[in-house]
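Working notes for the structure below.
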Amino acid sequence: MVWAISAIALLLILAIIRTRDNVLAAVSLTFLGVTVAGAVWLLDPELSAAFILIALVYVVAALTLVIVAAASLSEGKRTVEMRPVALASLGALASAAASGRRAEGCGDLGGSPPRAALGGPAALLVRRGGSAVP
Amino acid sequence: MIELAFLVLLLAGGVAAVATANSLVRAIIGAEVAIMAGIWGAALSRDLSLLAVAAVVGVAETVLMVAAVYRLAKEGHV
């Protein structure tokens with residue numbers, strides 16, 4: 001399962017290195033944080049408080065994003081196109097909500113079999129990726 | 001074994017992002033990736049207290065770096 005996480009992290013790191021826009025790199029960093037938090041949760045389901053880690057990573061990425069936006073605005077006279085950044089942030093928020101719901105369900109049921117039925121779309125994506133990449 | 005490979009991947013990715021940075025903001029992003037390697041390394045011990053300490057230290061370090069960038073931005077170094 002960690003193979004899929006590693007592949008996603010490698011792609012995100014390459015995206016951070018290759019992109020020319022600081023704001024888009026910060027958004028990629030946000031996705032990378034969610035990926036690492038999901039890897040922590042997959043490593044040991046006892047660490048269901050990894051949702052707290054997701055929240056902390058979000059604080060970090062939001063801080064960086066705000067700073068980057070402020071620096072880009074004061075850097076030059078050109079206008080800043082923020083629409084793709086807003087769409088990407090919405091996607092990150094949706095995936096974080098799905099992960100949080102899954103973590104809460106795990107905490108309530110304590111590892112019972114219907115735990116899989118409570119997973120969100122993120123859980124489905126993670127499991128499908130894990131079965132596709134052995 | 002794959003856990004250690006993931007740790008090395010995060011470290012190498014962070015260092016590569018810092019090495020190819022053309023602005024201070026990009027250097028901070030690379031340092032964030034390296035901080036994630038630290039959080040993952042704490043998670044490998046399967047100790048929630050150590051994980052929390054690593055996450056809090058990462059946030060504090062981010063705040064310090066952002067404050068430094070604010071300080072440098074007044075002098076036009078961003």
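The values are calculated or read from the model by the stated rules, or taken from the named source; none is laboratory data. Small disclaimer: the values here were computed from a predicted structure and weren't measured. FYI the Cβ positions are ideal-geometry reconstructions off the backbone, even for glycines, and counts take in every protein chain you see. Side chains included, ligands, DNA and RNA excluded: accessible areas come from the protein's heavy atoms. Shrake-Rupley method; radii C 1.70, N 1.55, O 1.52, S 1.80 Å.
Across the stretch B:1-45, the number of residues qualifying as among the aliphatic types (A, V, I, L, M), facing chain A (nearest Cβ under 8 Å) and over 17 Å from residue A:32 (Cα atoms) comes to 2. The condition (being of a type outside the set (Val, Ile, Thr) and within 16 Å of residue A:30 (Cβ to Cβ)) is satisfied by just one residue among B:43, B:31, B:68: B:31.
Of all the listed residues (A:94, A:62), the sole one being at pLDDT 75 or above and part of a helix (DSSP H, G or I) is A:94.
For the stretch B:65-78, the condition of being among the aliphatic types (A, V, I, L, M), over 30 Å from residue A:47 (Cβ atoms), in contact (Cβ under 8 Å) with a residue 12 or more places away in the chain and not in a helix (DSSP H, G or I) holds for at least one residue. Before we move on, is residue B:26 free of Cβ contacts under 8 Å to residues at least 40 places away in the same chain, open to solvent by less than 20 Å² (accessible area, probe 1.4 Å) and over 23 Å from residue A:45 (Cα atoms)? When the stated conditions are applied, residue B:26 passes them. Among the conditions (1) at pLDDT 85 or above; (2) open to solvent by 20 Å² or more (accessible area, probe 1.4 Å); (3) not aliphatic (A, V, I, L, M), the only one that residue A:38 does not satisfy is (1). Note on the stretch A:41-56: residues that are surrounded by fewer than 20 Cβ atoms within 10 Å (Cβ to Cβ), more than 8 Å from chain B (Cβ to nearest Cβ) and at pLDDT 80 or above total 2. Considering each residue of the stretch B:2-18 in turn, at least one proves to be part of a helix (DSSP H, G or I), surrounded by fewer than 17 Cβ atoms within 10 Å (Cβ to Cβ) and of a type in the set (Asp, Glu).
Residues in the stretch A:9-27 that are closer than 16 Å to residue B:19 by Cα and open to solvent by 60 Å² or more (accessible area, probe 1.4 Å): 3 in all. Count of the stretch B:46-58 residues, restricted to those that are within 10 Å of chain A (Cβ to nearest Cβ), open to solvent by 30 Å² or more (accessible area, probe 1.4 Å) and not basic (Lys, Arg), is 4.
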